[in-house]
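Report on the following structure.
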Amino acid sequence: MKNVITCKSCNTENPYYEVICSNCYSFLRARIFNLDLWKTIEELIETPVNAFRRIIQSEHKNFISLIFIFAVFKLFISSIFISLAIFKNEQALNFFITRFLFFAGGMLILFIILSLLLLLVIKRGGIKTRFKDLFAVLTYSLMPYSFAAIILFPIELIIFGQYLFSVNPSPFVIKSFFAWVLVSLEFLLILWSVFLTITGTFAQTKSLKFSLVNSIIFNIIVYSSIYFYSVYLTL
C-alpha cells in the first residue's frame, strides 16, 4: 500500500496528511483547521472520498463526539429491538440510562481498540498514519446512524408510540406498511455506513481490496457486539 503527497518543489514523498514538506518545508496543500459539519455531510453524500480526505487532513476533528454519541444511541436502540424480537425480552427497557451508558462506554473502548489495531496494520503495510485520523474516519462512517437517531427514531416514536418496543402486538402487526418502510430505510442507512467505511479506509490507503476487507471485519465486529449486548440484556 502507498498513499503519499509529493512535494511539487523537491519531489519528496510525504505522508498524505502532512501540510509542510519534510525536506524543503514548502506547503504541500492548503491548511485545514476545522471541519464544517454541513459541508462535510454534503460531501459524504456526493463525494465521500473527498470528504474523508478533508477529515483526515483537518487539524481538529470537529463533531466526532456528537456523531459518536448519537450513532451509539441508535446502535443501543438496535440492541433493544434485537433483544425484544429474538429473545422476547420485555425487560430490555429497564434501567435504560444506566444500560446506555454502559453500552456507550463499551463501544468507545471497542472503537479505540479497533483504531489502534488498524493503525498497526496500515503501518505494517508501509503507510504512515495517525490514530486520531483513523478514529475520526471510523466515527464519521457512523454518520448514517446519527441520522437514524436524530430523524428516523423520533418518526418511529410518533407513528408507533408505546408499541414501538412492543412484542405482542409488534409494530409490524399494528401498522405493517409503515413498519416495513422504516425497516427498509434503516437497512439503506446500514448499507450507507458500510460504504462510508470502505471509502474512508480507501482515502487512507488507496487500496480497494484492503478497504473492502477492513469494512467487512469492522462491521462484523460492531454488529456482533450489538448482538451479544442484546443477549446480555436478557440476563
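Here are the numbers for the structure shown:
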quantity: Overall Cα dimensions of the stretch 78-217 - principal axes, largest extent first, Å; calculated: 55, 31, 24
quantity: Accessible heavy-atom area order of T197, T12, T234, highest first, probe of 1.4 Å; calculated: T234, T12, T197
quantity: Inter-label distance for F178 and I150, nm, one decimal - labels placed 7 Å from Cα along Cα-to-Cβ; calculated: 2.3
quantity: Shape metrics for the stretch 102-161, restricted to C-alpha atoms - Rg then Dmax, Å; calculated: 16.0, 52
quantity: Highest-fluctuation residue, F160, F70, F218 considered, GNM on the chain with Cα pairs under 10 Å; calculated: F160
quantity: q = 0.15, 0.22 Å⁻¹: log10 I(q)/I(0) that the Debye formula gives for the stretch 47-109, counting C-alpha atoms only; calculated: -0.61, -0.90
quantity: Whole-percent carbon and sulfur share, accessible surface of the chain, 1.4 Å; calculated: 68
quantity: Rounded to whole Hz, the Karplus (6.51, -1.76, 1.60) HN-Hα couplings of the stretch 151-160, x for glycine and proline; calculated: 10, 6, 4, x, 4, 4, 5, 5, 6, 9
quantity: Kirkwood Rh in Å, taken over all unlike Cα pairs in the stretch 1-128; calculated: 17.9
quantity: Solvent-accessible surface (1.4 angstrom probe) belonging to L208, in square angstrom, nearest 10; calculated: 100
quantity: Relative packing of peptides 133-139, 78-84 - highest average C-beta neighbours within 10 Å first; calculated: 133-139, 78-84
quantity: Mean projected area in nm² (Cα convex hull; one quarter of hull surface) for the chain; calculated: 13.6
quantity: Whole-number accessible area per residue in Å² for the stretch 1-136, which is evaluated in the context of all protein chains at 1.4 Å; calculated: 55
quantity: Gap separating the Cα centres of the stretch 108-156 and the stretch 22-57, nearest whole Å; calculated: 17
quantity: Equivalent ellipsoid semi-axes - Cα gyration tensor, the stretch 21-67, angstrom; calculated: 24, 13, 8
quantity: CD proxy at 222 nm, helix term only [per DSSP H run n ≥ 4: -39500 (n - 2.57); per residue of the chain; nearest 500]; calculated: -21500 deg cm²/dmol
quantity: Note, ³J(HN,Hα) from phi for the stretch 107-122, Karplus 6.51, -1.76, 1.60, rounded to Hz, x at Gly and Pro; calculated: 5, 4, 4, 4, 5, 5, 5, 5, 5, 5, 5, 5, 4, 5, 5, 5
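The values are calculated or read from the model by the stated rules, or taken from the named source; none is laboratory data. All of these numbers come straight from a predicted model, not from anything done at the bench. Don't worry about glycine lacking a Cβ; one is built from the backbone with ideal geometry, like all the others, and counts go over all protein chains shown. Ligands, DNA and RNA are excluded from the accessible area calculation, which covers all protein heavy atoms including side chains. Shrake-Rupley method; radii C 1.70, N 1.55, O 1.52, S 1.80 Å.
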